[in-house]
Amino acid sequence: MILIQCGAILFDMDGVLVDSTPAVARVWTSWALEHGLIPHEVVRKAHGRPSLATIIELLPHGDHDAENREVERLEIEDIADVMALPGALDLLQTIPEARWTIVTSASRRLAEVRLRAAGLPVPRHLVTANDLQRGKPFPDPYLKGAQILGISPADCVVAEDAASGVRSGKAAGARVLGLLTTSTEEELSSAGADWIAADLSALSLNPQGQTADLTFRLQEKK
């Protein structure tokens, strides 16, 4: 058990708070087959980054905006088995509202739909693909997340499940907790994760008095 002190925590959504893996795989597999691409390679590339970036890379001469709208439509409709991951709801209910937000590569509409489908709160401030010119692995998403909370990135902890997100958090100057929900320990470590745990059930807010920082207890993976 280790203690982590920080001013705020910035959560990725898919694979950290929300289990949307089956839905994501179905949508991107369908899209890949429609365009004559290899499904498992497309699903792997799509994870942890904005949909538009994946579409531009894989379909350089396509109508990117139209394709992105269609992928978003399909993802919004496919929420039947979207659910909260272990520890997510309990943790969000214990952290003060001004000390956390979500930084996701999903669009705002999709993020709100998935959070509500999973029974999780939608934060007042939410950083999505709609708010940024550059997504993960660039530092912009987590710099924006820290900015809207008014807390230095160096005083934030990022919770991520994808290598691209870990790199984004580290590039922003934050410390990063890597979760083994969708990636391997080697992938997270190679990307620069400071700590690695199975999921958010390993993280809990430590009871404390009136202090400036949050203190979390983490059962790190051994």
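The values are calculated or read from the model by the stated rules, or taken from the named source; none is laboratory data. Predicted model, so just to flag it, every value in this text is computed and none were measured. Cβ coordinates were reconstructed from backbone atoms using ideal geometry, including for glycine residues, and neighbour counts include every protein chain displayed. Please note that ligands, DNA and RNA were not included when accessible areas were found on the heavy atoms of the full protein model with its side chains. Shrake-Rupley method; radii C 1.70, N 1.55, O 1.52, S 1.80 Å.
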Which numbered condition ASP131 misses (of (1) at pLDDT 95 or above; (2) surrounded by fewer than 20 Cβ atoms within 10 Å (Cβ to Cβ); (3) touching a helix residue (DSSP H, G or I) at 6+ places or on another chain (Cβ under 7 Å); (4) of a type in the set (Asp, Glu)): (1)
Lone qualifier among GLU67, GLU41 - being out of contact with any strand residue (DSSP E or B) (no Cβ under 8 Å at 6 or more places or on another chain), assigned to a helix (DSSP H, G or I), of a type in the set (D, E, K, R) and crowded, with 19+ Cβ neighbours inside 10 Å: GLU67
Some residue of region 155-164 being among the polar types (S, T, N, Q), touching a Lys or Arg at 6+ places or on another chain (Cβ under 9 Å) and open to solvent by less than 50 Å² (accessible area, probe 1.4 Å): yes
Every residue from region 44-64 that is open to solvent by 80 Å² or more (accessible area, probe 1.4 Å) and either touching a Pro at 6+ places or on another chain (Cβ under 9 Å) or among the basic types (Lys, Arg) (or both): ARG44
Scan of region 83-117 for residues that are part of a loop (DSSP other than H, G, I, E, B), open to solvent by less than 60 Å² (accessible area, probe 1.4 Å) and modelled with pLDDT of 95 or more, ordered by number: LEU85, GLY87, THR104
Candidates LEU120, LEU188, LEU143, LEU177 - the one that is more than 18 Å from SER51 (Cα to Cα), outside any loop (DSSP other than H, G, I, E, B), in contact (Cβ under 8 Å) with a residue 40 or more places away in the chain and not small (Gly, Ala, Ser): LEU177
